[in-house]
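In what follows, a single structure is set out as structure tokens and then discussed.
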């Protein structure tokens, strides 16, 4: 529900909505109507792109939304779009921001404005998806303007103001709008917005490019190679521009106040008029801290609060003025600049106070709330009392400390979760022999006998009922003899099996992020081999190294995996293909087939699901000429186990790739009991054919045509809630294109089966 506010004082009409921080960021972006959004899903910022895509499907805006192959790629899309002359938008969090990091100084150094929402989150490792400021504070020195939005109203307002700040001709710099993950991003709040998006666009005015990469009449060189002294001159110009932004931000804040009636200052000062002790704190925690200020004021303590709306450029003069009468100050950071004795804000405040004649403000740095740890009124009161103590004593007893951390018991040793699986338990049932023709043949893969082999992944993990990941992996691992080490990309398989301090893994397990898993395991394999050569590990020690990826991991992680293939690293890559970024809420991945609906490829009158065909990763790896590539499905467990045994044997020659179709009941919108029939229909429709490529020679393992079981893809699609829309009359074109592509790939595969040279 919304209510329309009457226009007052000649201001444009505004309306009240109830939205989360992410939703209101999308609403602001819709009203700006950016030309392009390059994006990639990561919790907790993903809802911004999801909301914008849902709006696009309904025709509410015309923003061209371009999914990246990772956050680095998304940042590159945005940079390219800004060079072509238009307004550009992006959103990310945590390691997504860090993966895009290389691109950030390029964007600012070449002076192309854009707006980038950072929904702040803890940076891995270890992995934690909750909110702190360790991401945005790492970005402080990238040359971007940084606005800090403390609540949902500020998220909207700052997203409206950000383009005007960055596009100012005296600035021409990109702008971050940062707000707290989960605290602000997911909490619903009443927010006042302009009733008509045209008000926002009139406030901003048309985008005026300084140069354009798509104007043939005026060719330009963007991002040239630059030597000394040109480089330092360029950086001086950039530094001058961001310092000029200080005045521009104040000017735009004033213009926005005249338009909306809402006032923003570079610093929000709360009860600071006569304060001699204060707390300096950023974003949503400041709202909690205000209650503590009020409580201590009732006790007669002269305390106040300072919260910045802008941290780049840092408002030095405003900070100095706010602290002129303050004797005791605690600066609370939701991150740490490790080894610098304080977080970023503590260091900035201390630097601002340098050179102030007669400065009396003594500063204590406190690190709090990392990894999303809750911050309560009592916590703020404790910090304020520390500030009062400093003001009274005139000295800081503890200059730097963590607040709310538990050091634990140094003598504690965690118990072993599981006894190691022995060689005897994991060996002796399957053997791989070479035929006279030089092909691998598997013996002993009898399902009844293999049930005695212990599961490598224990039950009790947190996966959804019917999740295909562990069905596939436990079947596949039945065919692997001896010891293994597994590396899991970030994804559902990783998250649900390793919730600290518990684990479901009975063998050694390593985690690294999507974009670098294969490279990490390559390092493990290489070190293992080198230590064997040096005699540090027994030369007869055998370990099979397996990387598990999925949930779209071979979009962002494809490059490193191909690198491992090209190096010939002796390992197995298992990709569970559940057709989306399911661990972040079922967004578009390049594994999603044509026409299918996800939370970032919605079906609606103006958009018919995903617009391109699904990525064929098995054929990509076959083109890398690795020793072995295969596809497997849980509807044929014996075939999967046979291929696992071959994969293990052929991984002695180089990298092996295994693709498994993996049901996700939640994202596929179906009952878990339907797993096998759905997977079988995927195979029978030839959408997911079962085949293997052994040393370059393709063999079809199952031909539904030959067996009289081939069905149209519609038989597969109609069994899932996520694809039923594809059978609607308005989707006939997409359904026909999908069927034609499945048929084309099947015919090609049959020809490869017939001819060993294809």
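The values are calculated or read from the model by the stated rules, or taken from the named source; none is laboratory data. Here the structure is a predicted model, which means the values were calculated and not measured. Methodologically, a virtual Cβ is constructed for each residue, glycine included, from the backbone with ideal geometry; neighbour enumeration extends over all protein chains shown.
List of remarks:
- Checked against the criterion of being touching a residue at least 40 places away in the same chain (Cβ under 8 Å) and either touching a strand residue (DSSP E or B) at 6+ places or on another chain (Cβ under 9 Å) or farther than 30 Å from residue 569 by Cβ (or both), the candidates 690, 717 yield just one match: 690.
- Assessment of segment 227-235 against the conditions (touching a helix residue (DSSP H, G or I) at 6+ places or on another chain (Cβ under 9 Å) and not in a loop (DSSP other than H, G, I, E, B)) yields at least one matching residue.
- Among the residues of segment 118-134, those identified as farther than 11 Å from residue 181 by Cα and crowded, with 20+ Cβ neighbours inside 10 Å are 123, 134.
- Residue in segment 162-175 that is within 21 Å of residue 17 (Cα to Cα), in contact with a helix residue (DSSP H, G or I) (Cβ under 8 Å, 6 or more places away or on another chain) and either in contact (Cβ under 8 Å) with a residue 60 or more places away in the chain or not assigned by TED's automatic domain parsing to the domain that holds residue 136 (or both) present: no
- Of the candidates 279, 269, 259, 243, the single residue that is touching a residue at least 40 places away in the same chain (Cβ under 8 Å), more than 18 Å from residue 175 (Cβ to Cβ) and in a helix (DSSP H, G or I) is 259.
- Single residue of 517, 559, 563 found to be touching a helix residue (DSSP H, G or I) at 6+ places or on another chain (Cβ under 9 Å) and crowded, with 24+ Cβ neighbours inside 10 Å: 517
- For segment 577-603, a residue qualifies if it is in a strand (DSSP E or B), more than 11 Å from residue 668 (Cα to Cα) and within 19 Å of the chain's Cα centre (by Cα), and the qualifying residues are 577, 581, 587, 601.
- Checking each residue in segment 478-517 for being in a loop (DSSP other than H, G, I, E, B), free of Cβ contacts under 8 Å to residues at least 60 places away in the same chain and within 24 Å of residue 645 (Cα to Cα) picks out only 504.
- Test: residue 658 is assigned to a strand (DSSP E or B), surrounded by 20 or more Cβ atoms within 10 Å (Cβ to Cβ) and touching a strand residue (DSSP E or B) at 6+ places or on another chain (Cβ under 7 Å): yes
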